[in-house]
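One structure is given below, encoded as structure tokens.
The values are calculated or read from the model by the stated rules, or taken from the named source; none is laboratory data. As the structure is a computational prediction, the values presented were derived from the model and not from experiment. Here the Cβ is made from the backbone with ideal geometry for all residues, glycine too, and neighbour counts use every protein chain on show. Heads up: the accessible areas ignore ligands, DNA and RNA and are worked out on the full protein's heavy atoms, side chains in. Shrake-Rupley method; radii C 1.70, N 1.55, O 1.52, S 1.80 Å.
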Amino acid sequence: MKIAFVGKGGSGKTTLSSLFIRHLTAEGAPVVAVDADINQHLGAALGLDETEAAALPAMGEHLPLIKDWLRGSNPRIASAETMIKTTPPGEGSRLLRVCEDNPVYDACARPVELDGGAARLMVTGPFTDADLGVACYHSKTGAVELFLNHLVDGPGEYVVVDMTAGSDSFASGMFTRFDITFLVAEPTRKGVSVYRQYKEYAHDFGVTLKVVGNKVQGQDDLDFLRAEVGDDLLVTVGHSDWVRAMEKGRPPRFDLLEAPNRSALRLLQTTADATYELRDWERYTRQMVHFHLKNARSWGNERTGADLAAQVDPDFVLGESVTASA
């Protein structure tokens, strides 16, 4: 299951995504965690110290390797240099699975030990001084989009992505790459403003969206969120002494997380699992192609000097059944 956590800056989306990753790992589920936010905090939220977090390999720095591996023997892609962030797979492309070893994971993923289990963690890499004036941060997250475009995951497997803050995710088609999106919202007008933007886009592209209310302190906060987001409100989370200890770098055992918060995480998992039956690989592939053609026309053809529309394999549909042959 591919799961995104979104929300405005400071909403608590990274904290909640890290708790969800810990929960899944404690349940024994295979997890790939991806920090797609340029403000890289997921590693720290998963317990890495500053040195360990800084040493994580940036996906953006391994983009040539990622492109070359994913291209495989696809005859429609002349070279890795002609691949852009939205390039879709086709016959001959290499696909990725959650539970496997491959050069992409070797280069970009590192195991993070979490209460006896482990999650694979990948990060886009921070936006550095060297990027100023010469790069857009979406070039960093492009590696994540390529990863998701070529990923075939099944039930009981989880890819959890901590997305960029606010509505920046709409700058590409990456917001359509998920089975479900959890939008973390505080009970304030600013807190629900991103929800309104996401709701409009989610409806247009069939994205399953649920709201997780965070920092909810009483009935008034709950009533406010219900009035603003209606039935999209899935669950709310309040103060947590466990999270406060974690933020100080001294997290207790995860099984000591407060019962209401453990219950909220179980509901997130149950809700995510239920979306598996709603999967439509044809629509997923069609949306992938839509955004690729859009990017090709607007900048990709000019930048690569190639007709990127020719990369689209009209007979290819991504899905679990094509993993072995691709």
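Take Gly238 and tell me if it is more than 22 Å from Asp115 (Cβ to Cβ), in contact with a Pro (Cβ under 9 Å, 6 or more places away or on another chain) and either open to solvent by less than 50 Å² (accessible area, probe 1.4 Å) or of a type in the set (Lys, Arg) (or both). Step through it out loud before you land on a result.
Details: more than 22 Å from Asp115 (Cβ to Cβ): yes; in contact with a Pro (Cβ under 9 Å, 6 or more places away or on another chain): yes; either open to solvent by less than 50 Å² (accessible area, probe 1.4 Å) or of a type in the set (Lys, Arg) (or both): yes.
When the stated conditions are applied, Gly238 passes them.
Output yes when any residue across segment 282-294 is at pLDDT below 95, of a type in the set (Val, Ile, Thr), over 25 Å from Ile21 (Cα atoms) and out of contact with any strand residue (DSSP E or B) (no Cβ under 8 Å at 6 or more places or on another chain), and no when none is. Checking segment 282-294: not a single residue is at pLDDT below 95, of a type in the set (Val, Ile, Thr), over 25 Å from Ile21 (Cα atoms) and out of contact with any strand residue (DSSP E or B) (no Cβ under 8 Å at 6 or more places or on another chain).
Scan segment 307-322 residue by residue and report those that are aliphatic (A, V, I, L, M) and part of a loop (DSSP other than H, G, I, E, B).
Within segment 307-322, the first condition is being aliphatic (A, V, I, L, M), and the residues that meet it are 308-310, 312, 317-318, 322.
Correct list: Val312, Val317, Leu318.
Residues of segment 281-326 that are open to solvent by 70 Å² or more (accessible area, probe 1.4 Å), in contact (Cβ under 8 Å) with a residue 12 or more places away in the chain and within 20 Å of the chain's Cα centre (by Cα): Arg283, His290, Glu320. Might you check whether a residue that is surrounded by fewer than 18 Cβ atoms within 10 Å (Cβ to Cβ), in a helix (DSSP H, G or I) and either in contact (Cβ under 8 Å) with a residue 24 or more places away in the chain or not aromatic (Phe, Trp, Tyr) (or both) occurs anywhere in segment 12-34? Looking through segment 12-34, none of the residues is surrounded by fewer than 18 Cβ atoms within 10 Å (Cβ to Cβ), in a helix (DSSP H, G or I) and either in contact (Cβ under 8 Å) with a residue 24 or more places away in the chain or not aromatic (Phe, Trp, Tyr) (or both).
Inside segment 57-86, residues that are β-branched (Val, Ile, Thr) and either on the phi > 0 side of the Ramachandran plot or part of a helix (DSSP H, G or I) (or both) make up a count of 2.
Check Leu19 against each of (1) among the aliphatic types (A, V, I, L, M); (2) closer than 28 Å to Gly319 by Cα; (3) more than 14 Å from the chain's Cα centre (by Cα) and name the one condition it does not meet. That leaves (2) as the condition not met.
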